[in-house]
Amino acid sequence: MTTTLRSDLALISEWIKPGTHILDLGCGDGKLLAHLRDTRQVSGYGLEIKESNLEQCVAADINVIQMDLNDLQKGLCHFVHESFDYVVMTQAIQTIHHPDLLLAEILRIGRECIVTFPNFGHWTCRLSLALKGKMPVSTTLPNPWYDTENIHLCTLEDFEELCDTKNIEVLQRAVVDPNHRTPFMMRLLPNLFGEIAVYRIRRKPGKAIPVTH
Amino acid sequence: MTLPEKIPENSVGLIMPQVQHFTEPLQFDCGRVLDSYQIVYETYGQLNADHSNAILICHALSGDHHAAGYHSMDDKNPGWWDNCIGPGKPLDTNRFFIVSLNNLGGCKGSTGPNTINPETNKPYGPDFPIVTVNDWVRSQVRLGEALGISQWVAIVGGSLGGMQALQWAIDYPDRLRYCVVIAATPKLTAQNIAFNEVSRQAIMTDPEFYNGHYYDHNAIPRQGLMLARMLGHITYLSDESMRAKFGRELREGKIKFGFDVEFQVESYLRYQGRSFVDRFDANTYLLMTKALDYFDPAREYSHNLSAALAHVTANFLVISFTSDWRFSPERSEEIVRALTDNKKNVNYIEVKAHHGHDAFLMPIPHYLNVFSAYMRNIKISGENS
């Protein structure tokens, strides 16, 4: 059973090697895990907090574990070093209280991590702020500022700067639009035209991730 | 509560308990042996042709075999887990054959302290072997064999019942496909044991206890058992649910400056205690609390629960409840962690509920939805997917 996947999920599933063990943070309705299980023999767990999503994950027959990603003390610290081949976090990093701490933690428990987020450097966001002087509302960022889970929005530029200061190596990067396309302009100026950023990252070999909080 | 004038459609209906006798001696962990014994049980639904659709239900401290349906049209209430067992319910009797037993040491028909010891022609009383969760599991294996079930599709239990399900998965990995562990714990905390000890002391210091031989004196340690139940009941509820149910409401609307029942909560606890005495045996209560205290499957694995669960093959559903302070969500998470350490299949849900430990018996929609969805995914031979 293959239903249409969200564009970033379709891209991620091409990056994940068959037969691997993964952790999907904020796994939503479990579509990615179900897709990877059915097409790439991938095992692993999804972490989720929303009741309706949890019910859908159970119905989709994937392993879902209820956990609040903001509760790092309680949650991820119990997974041992490199428990997973990949830790995947799709469209969730911008909802986390301390994204830098979470990044350090997922790079500890996963050999590699795949992170996707809405690019706040997209031209429509810039235009909204520059011309209207208002926080952008779009298909990838559909909610008004006062009623959104997205509390830590960033641009490709911002994310890569954080990676640099945290000894995180970018292995692969892609930008897509919600229809899973990467048109020419997006390739040319990703921080201006990319709507959704997709990164594959890991700890720089032999380097520790500095934790400042 | 009114009597059911007619049985609800999603009920398993009128049920007759059955009895299985065993003559092969059963060795207990404590070293004692029972040469023969009986187990009383109920079944709901139909066993399929290749006996591959059977689910075992394990009961909690004060539970018994009567988990669903009615014994007669005069019953005020159905079995203790009727919310979850029946046609279209999470444990769907249209698909599954469900077996629910009264554990050894119980007081509802299975061999226990209140049954006659054939060697003395008197009730076993305090001489009944101290029984452990492992002992129960061994006896349940035999019940399964007697019913022609070599592998259970699932073993399911809440609280102490969940501990039995967990023990099954560890001791007999090949004999179950799915393990559902609800509101349970991999071992009791010091606080849990402390509550149990106060309960036991309440019973054993009752002058009517006669060192457990109260049957011979035509006596019942009423006060002690009632106190034990009152104390237990407080730990089954939550601060929030007691506040919602009783608040500080007074029975007669005003303070009377005395020690009679004044607050509604006092009246409720006394009622719970008194009605428990009429349906439960004090020696069984003592045994059940000991089985709880001793349960610690990790002990044989250098206190490493992950090592204890390394060889389980069952798929797990683990459920906890936010307001359960008896076996809190953290205890369930220990089980989940030990399973993920071993890359086992596990789903874990922490259900938002104000009911405390008792939540596992309640028809909470999210809980029932998850439980149903999980059970629906279980494939049984002979069914079209």
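The values are calculated or read from the model by the stated rules, or taken from the named source; none is laboratory data. It should be emphasised that the depicted structure is a prediction, and the values quoted were computed from it without experimental measurement. Heads up, the Cβs are rebuilt from the backbone with ideal geometry, glycines too, and the neighbour counts pull from every protein chain shown. Heads up: the accessible areas ignore ligands, DNA and RNA and are worked out on the full protein's heavy atoms, side chains in. Shrake-Rupley method; radii C 1.70, N 1.55, O 1.52, S 1.80 Å.
Think of the stretch B:183-267 as having a plus end and a minus end, set by charges on the Cβ of Lys, Arg, Asp and Glu; of B:VAL198, B:THR235, B:ASN211, B:THR235 sits farthest toward the positive end of this dipole. Note on B:ASP92: accessible area is roughly 30 Å² with a 1.4 Å probe, heavy atoms of protein only.
Protein heavy-atom accessible surface, 1.4 Å probe, per residue over the stretch B:262-365: 38 Å².
Could you tell me which of rounded, prolate or oblate describes the stretch B:272-368, using a ≥ b ≥ c as the square roots of the eigenvalues of the alpha-carbon gyration tensor, with rounded for a/c under 1.5 and, failing that, prolate when a/b is larger than b/c and oblate otherwise? In terms of gyration-tensor shape, oblate.
For B:TYR70, the residues whose modelled amide H falls within less than 5 Å of its own, excluding neighbours fewer than 5 places apart on the same chain, are B:GLY13, B:LEU14, B:ILE15.
Other residues with beta-carbon under 11 Å from the beta-carbon of B:ALA291 carry, at +1 per Lys or Arg and -1 per Asp or Glu, a net charge of -2. The portion of the accessible surface of chain A made up by carbon and sulfur, rounded to a whole percent, is 53 (1.4 Å probe; DNA, RNA and ligands excluded). Rounded to whole numbers, the Karplus 3J(HN,Hα) couplings from phi for the stretch A:197-206 are 9, 10, 10, 10, 9, 8, 5, 5, x, x Hz, using 6.51 cos²θ - 1.76 cosθ + 1.60 with θ = phi - 60°, and x at Gly and Pro. Computed over the Cα atoms of the protein assembly as shown, pair by distinct pair, the Kirkwood hydrodynamic radius stands at 26.8 angstrom. Interface area, chains B and A: about 1800 Å² of buried accessible surface, summed, with a 1.4 Å probe and ligands, DNA and RNA left out.
Using the Karplus relation 6.51 cos²θ - 1.76 cosθ + 1.60 with θ = phi - 60°, the per-residue 3J(HN,Hα) values for the stretch B:199-205 come to 4, 5, 4, 4, 6, 6, 8 Hz, with x marking Gly and Pro. Taken as Cα centroids, the stretch A:77-91 and the stretch B:1-71 sit 43 Å apart, rounded to the nearest whole angstrom. Highest mean packing first, where packing is the average number of other Cβ atoms within 10 Å per residue, the peptides B:98-111, B:310-323 line up as B:98-111, B:310-323. Surface composition of the stretch B:1-160: carbon and sulfur atoms hold 48% of the protein heavy-atom accessible area at a 1.4 Å probe. Note on chain A: along the principal axes its Cα atoms extend 47, 42, 34 Å, ordered by decreasing extent. Per residue of chain A, the DSSP helices (runs of n ≥ 4 H) give a summed -39500 (n - 2.57) that works out to -8000 deg cm²/dmol at 222 nm.
Shielding value for B:339-352 is 5, the average number of Cβ atoms from other chains within 10 Å of each residue's Cβ. Accessible surface area normalised per residue over the stretch B:123-261 is 44 Å², counting heavy atoms of protein chains with a 1.4 Å rolling probe. Convex hull volume per residue, computed on the Cα atoms of the stretch A:1-125, equals 114 Å³.
Determine the shape class of the stretch A:1-71: with a ≥ b ≥ c the square roots of the Cα gyration tensor eigenvalues, call it rounded for a/c under 1.5, and otherwise prolate if a/b is greater than b/c, oblate otherwise. Since a/c reaches 1.5 and a/b is larger than b/c, the shape of the stretch A:1-71 is classed as prolate. In chain B, the convex hull through the Cα atoms has an average projected area of 20.3 nm², a quarter of its surface area. In this structure the amide hydrogen of B:TRP152, modeled in the peptide plane, comes within under 5 Å of the amide hydrogens of B:LEU176, B:ARG177, none closer than 5 places in sequence on its chain. Proximity of backbone amide H atoms, modeled 1.01 Å from N, is registered between B:PHE316 and B:CYS179, B:ASN345, B:VAL346, B:ASN347 at under 5 Å, excluding neighbours fewer than 5 places apart on the same chain.
Backbone phi angles across the stretch B:187-198, fed through the Karplus curve with coefficients 6.51, -1.76 and 1.60 (θ = phi - 60°), yield HN-Hα couplings of 5, 7, 7, 4, 5, 4, 5, 4, 4, 4, 5, 4 Hz in residue order; Gly and Pro are listed as x.
Dipole check for the stretch A:15-56: with +1 at the C-beta of Lys and Arg, -1 at the C-beta of Asp and Glu, and the Cα centre as origin, the magnitude is about 280 Debye.
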